[in-house]
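The values are calculated or read from the model by the stated rules, or taken from the named source; none is laboratory data. Everything quoted here is computed from the prediction, not taken from an experiment. Reconstructed Cβ throughout: ideal geometry from the backbone, glycine too, with neighbour counts over all protein chains shown.
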């Protein structure tokens, strides 16, 4: 038996509404002060209904990432035939032990040994060299926290993150594809830390008492 409950929603609107009911992958980095776009206080205010999250669905980079995801998933399937790849549109997985933890996955993997894993897809516009440095030999902190959160919800054994880093060279658009492989056994200390912090944060949400501000590192 898997350590989560499955919710399949009929459309995107219902799925988006369902994501408001707990901590999702894109929320997790804000909990620990690793989200460059949102503080833990802003997340707390969203989860307690004191603030409405800004709608970024019409931003060009969001539209691009959303439209590209299905094709990138298929490219991954072709590049790595050793994995079985499945995807369920508008699905949320909810942790049985901690129901406020939930996940919407870009893909689920099964390797040749029958182990279950997570496929995470990122598309990023590289506008300056500093952004590229964040992807050099590592995953940016906010995305690393996101996949740790997914490991907590699913109990799966590994993650493959596929990043498409786009940059403009004159009239040319260049895309560099990078893959990052994470084994659950190698990040257990980070998983324990994140789980503890998410439990602590959700207690603030339930009590309505504002948590101390955690400032992200610049």
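A few notes on this one:
- Residue in the range 16-35 that is more than 18 Å from the chain's Cα centre (by Cα) and part of a helix (DSSP H, G or I) present: no
- Annotation: residue 209 fulfils all but one of (1) exposed (fewer than 14 other Cβ atoms within 10 Å of the Cβ); (2) over 20 Å from the mean Cα position of the chain (by Cα); (3) modelled with pLDDT under 95; the unmet one is (3).
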